[in-house]
1. Out of the range 123-155, which residues are under 13 Å from the mean Cα position of the chain (by Cα) and under 15 Å from P202 (Cβ atoms)?
2. Given the structure, is D25 under 20 Å from D184 (Cβ atoms) and among the charged types (D, E, K, R)?
3. Would you check if A272 is open to solvent by less than 50 Å² (accessible area, probe 1.4 Å) and either in contact with a strand residue (DSSP E or B) (Cβ under 6 Å, 6 or more places away or on another chain) or assigned to a strand (DSSP E or B) (or both)?
4. Of the conditions (1) farther than 19 Å from Y10 by Cβ; (2) without any contact (Cβ under 8 Å) to a residue 40 or more places away in the chain, F168 satisfies every one except a single condition; which number is it?
5. Given the residues D256, D271, D266, which is the only one that is modelled with pLDDT of 95 or more and not aliphatic (A, V, I, L, M)?
6. Looking at A43, A88, A58, can you tell me which residue is among the small types (G, A, S) and touching a residue at least 24 places away in the same chain (Cβ under 8 Å)?
7. Residue under question is V6, and the condition is that it be touching a residue at least 12 places away in the same chain (Cβ under 8 Å) and closer than 24 Å to V221 by Cα; does it hold?
Amino acid sequence: MKFYIVTPTYNALGWLQRCVQSVADQACEQVEVHHHVQDGGSADGTPEWLAAWQKEHADTPGYTLTYQSAPDNGMYDAINKAWAQMPADADVTAHLNSDEQYLPAGLKKIAAELAAHPKADIAISSYVIFDAQNRYICHRRPIRPYKWISRTVCEIVTCACFHRVPGFVRHGVRFNPHWRSIGDLVMYSEIVNTSPRFLVLPNVVASAFAVTGSNLAWTDVTRREWPEYYATVPALYRALSKLAAFCSNLKRRSCDLWYPAPTLYDIYHKDAAARTRHLIKRPTSHWGCRTEGVDE
């Protein structure tokens with residue numbers, strides 16, 4: 001199964017290197033991966049590092065890295081540009097931000113599930129959240145999105161979402177570059193409205209993302225954009241927004257009760273050639289309840 005993974009980046013080389021490594025080692029007999037990095041014209045050495053990595057891995061079986069470094073209109077515009085370059089033979093596409101990583105054999109597990117469920121349009125899996133020091137914060141399970149909840153709650157996380165290409169082309173929804181931070185919520189709300197066939201995989205932990213301190217979701221950009229978007233939401237959905245958030249959280253917490261908690265995660269650290277294993281001493285699905293990862 002051929003995956004086309006897109007990554008937007010801008011002056012984030014330290015995180016991007018880890019992201020790229022985590023995609024490269026997904027290639028195996030069952031998975032061919034084409035990783036395209038859309039760089040916004042970074043001045044931190046990103047284009048030079050990508051050129052060197054591309055040359056070094058040009059002959060890696062089942063793996064291709066391409067990149068483009070040019071000005072863009074923000075992260076979502078960069079992702080759209082990357083998707084516009086998707087090869088015709090891609091089976092599955094996804095986007096992985098530079099501060100995110102795939103876990104070992106993550107794409108192999110997704111490929112197996114999609115092969116077993118050929119009618120599914122979108123697969124959504126579990127993921128681990130860690131901090132800038134690589135310490136475990138929590139894990140999250142995927143839940144089946146509902147139209148009325150998705151208008152005000154982002155029920156899909158990009159690092160754990162995989163689109164089968166025919167469905168992705170058919171529904172035709174892409175990011176709106178007008179938004180700088182809440183584009184995920186807007187796009188996935190529109191996708192859910194097209195009634196795709198979801199494959200929900202709470203037993204598959206395929207990815208991880210870092211809370212770096214500079215994530216867009218916690219910036220003033222989000223606080224400025226949310227009222228503008230909220231004003232476009234029909235009155236009924238606005239009235240139900242608190243109930244929607246409650247139901248979404250309840251579904252996630254309930255889902256976690258049915259599946260074994262993750263006990264470890266293997267991720268790349270800065271300047272490391274191999275993954276480092278972290279043990280999870282106190283697994284939790286509650287974001288904000290701090291537990292520590294311990295290097296093995």
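The values are calculated or read from the model by the stated rules, or taken from the named source; none is laboratory data. Nothing here was measured: the structure is a model prediction, and the numbers come from that model. Neighbour counts run over all protein chains shown; Cβ positions are idealised from the backbone, glycine included. Just so you know, the surface numbers come from the protein's heavy atoms only, side chains and all, with ligands and any DNA or RNA stripped out. Shrake-Rupley method; radii C 1.70, N 1.55, O 1.52, S 1.80 Å.
1. A123, I124, S125, S126, Y127, V128, R140, P142, E155
2. Working: under 20 Å from D184 (Cβ atoms): no; among the charged types (D, E, K, R): yes.
The answer is no for D25.
3. Numbers: open to solvent by less than 50 Å² (accessible area, probe 1.4 Å): yes; either in contact with a strand residue (DSSP E or B) (Cβ under 6 Å, 6 or more places away or on another chain) or assigned to a strand (DSSP E or B) (or both): no.
Taking the combined requirement at face value, the residue does not satisfy it.
4. The number of the failed condition is (2).
5. On the way: D256 fails: modelled with pLDDT of 95 or more; D271 fails: modelled with pLDDT of 95 or more.
So the residue among D256, D271, D266 that is modelled with pLDDT of 95 or more and not aliphatic (A, V, I, L, M) is D266.
6. Numbers: A88 fails: touching a residue at least 24 places away in the same chain (Cβ under 8 Å); A58 fails: touching a residue at least 24 places away in the same chain (Cβ under 8 Å).
When all the criteria are applied, what remains is A43.
7. Working: touching a residue at least 12 places away in the same chain (Cβ under 8 Å): yes; closer than 24 Å to V221 by Cα: yes.
When the stated conditions are applied, V6 passes them.
The rows are residues; the columns are (1) without any contact (Cβ under 8 Å) to a residue 40 or more places away in the chain; (2) in contact with a Lys or Arg (Cβ under 9 Å, 6 or more places away or on another chain); (3) within 18 Å of C19 (Cα to Cα).
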position	(1), (2), (3)
K119	no, yes, no
A123	no, yes, no
V128	no, yes, yes
A132	no, no, yes
R135	no, yes, yes
R141	no, yes, no
W148	no, no, no
E155	no, yes, no
